[in-house]
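Peer 1: Would you mind keeping the following structure in view while I ask a few things?
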Amino acid sequence: MESVITFIAGAAIGGLLSWLITHSYYVKGSREQRAQLDELSRKLKPKNTLADFERVLAESAWTKEVVDDTEVWIADADNTFQISRGERTRDFRERWTDVHPDPNSAIYPVYLKINNNIIKELPFIAVDGGRIFVPMPEIRPISEKQVEYFWNMNSLEVKVCRVIGSYYIYEDIRGVAKRSRIVLVE
């Protein structure tokens, strides 16, 4: 009888120990699987918003190509994100464009695209006969008869300009701003 009790006690303790080990691996495996599933879901989530574009704009390098006579910048990290320069829409002239040697300036649309769908259009200005290509500055009044032109350095337009802008001899947008008397705000 004593051996039967020892056998039953051993089986119960072994079963309980086996269940505890199995349950701890189950809990640990479930957490790891959930984390991996969440990561895969995040990666597979459609990337089609302006916020997604801004993230890729900040994180990826971009490569310029000419496709059907159109300048296109393609994100190296994900080629479905593209910036393309549209055709000239009209002549443009403001006080800030008149300080350059060549007075000819024009507006060009710049298209932000995901999967070849336009998600945003931005107005850019070709200044100094096309040697400079920058976003249209914003305007704010500083007196009853005067306005101030400015670029917000954290704006989407300036972030796009860092990828596609042309600055001629001024090195970057800060040099163009200094020459054009455009205020830079953070």
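Peer 1: Across the range 146-185, what is the number of residues that are surrounded by 14 or more Cβ atoms within 10 Å (Cβ to Cβ), over 19 Å from Tyr108 (Cα atoms) and touching a residue at least 40 places away in the same chain (Cβ under 8 Å)?
Peer 2: 2
Peer 1: Still on this structure, I have one more. May I ask you to say which residue of Val110, Val99 is part of a loop (DSSP other than H, G, I, E, B) and touching a residue at least 40 places away in the same chain (Cβ under 8 Å)?
Peer 2: Answer to the selection: Val99.
Peer 1: Look through Thr63, Thr89, Thr70 and report the one residue that is loosely packed, with under 15 Cβ neighbours inside 10 Å, under 30 Å from Glu148 (Cβ atoms), without any contact (Cβ under 8 Å) to a residue 24 or more places away in the chain and of a type in the set (Val, Ile, Thr).
Peer 2: On the way: Thr63 fails: under 30 Å from Glu148 (Cβ atoms); Thr70 fails: under 30 Å from Glu148 (Cβ atoms).
None of the others qualify; the one that does is Thr89.
Peer 1: Can you go through Pro103, Pro109 and tell me which one is surrounded by fewer than 17 Cβ atoms within 10 Å (Cβ to Cβ) and over 27 Å from the mean Cα position of the chain (by Cα)? Working first, answer last.
Peer 2: On the way: Pro109 fails: over 27 Å from the mean Cα position of the chain (by Cα).
After applying the criteria, what remains is Pro103.
Peer 1: What number of residues in the range 41-60 are of a type outside the set (Val, Ile, Thr) and surrounded by 10 or more Cβ atoms within 10 Å (Cβ to Cβ)?
Peer 2: Start the filter on the range 41-60 by keeping residues that are of a type outside the set (Val, Ile, Thr), which leaves 41-48, 50-55, 57-60.
The next check asks that each one be surrounded by 10 or more Cβ atoms within 10 Å (Cβ to Cβ); those that pass are 47-48, 50, 52-55, 57, 59-60.
Number satisfying all stated conditions: 10.
Peer 1: On the basis of being in the same structural domain as Glu171 (by TED's automatic domain parsing), surrounded by 11 or more Cβ atoms within 10 Å (Cβ to Cβ), on the phi < 0 side of the Ramachandran plot and assigned to a loop (DSSP other than H, G, I, E, B), does Glu94 make the cut?
Peer 2: The answer is yes for Glu94.
Peer 1: Going through Lys64, Lys43 one at a time, which residue ends up being farther than 26 Å from Ala126 by Cα and not acidic (Asp, Glu)?
Peer 2: Selected residue: Lys43, the only one of Lys64, Lys43 that is farther than 26 Å from Ala126 by Cα and not acidic (Asp, Glu).
Peer 1: I've got another one for you. Which residues, taken from the range 23-63, are modelled with pLDDT under 85, closer than 29 Å to Leu156 by Cβ and either hydrophobic (A, V, I, L, M, F, W, C) or in contact with an Asp or Glu (Cβ under 6 Å, 6 or more places away or on another chain) (or both)?
Peer 2: Correct list: Leu44 only.
Peer 1: Out of the range 168-186, which residues are out of contact with any strand residue (DSSP E or B) (no Cβ under 6 Å at 6 or more places or on another chain) and of a type in the set (Ser, Thr, Tyr)?
Peer 2: Within the range 168-186, Tyr170, Ser180 qualify.
Peer 1: Give the residue that is nearest to Val176 (Cα to Cα), with candidates limited to residues of the range 121-135 that are surrounded by fewer than 16 Cβ atoms within 10 Å (Cβ to Cβ) and touching a strand residue (DSSP E or B) at 6+ places or on another chain (Cβ under 6 Å).
Peer 2: Pro123
The values are calculated or read from the model by the stated rules, or taken from the named source; none is laboratory data. The structure displayed is predicted, hence computed values, not measured ones. FYI the Cβ positions are ideal-geometry reconstructions off the backbone, even for glycines, and counts take in every protein chain you see.
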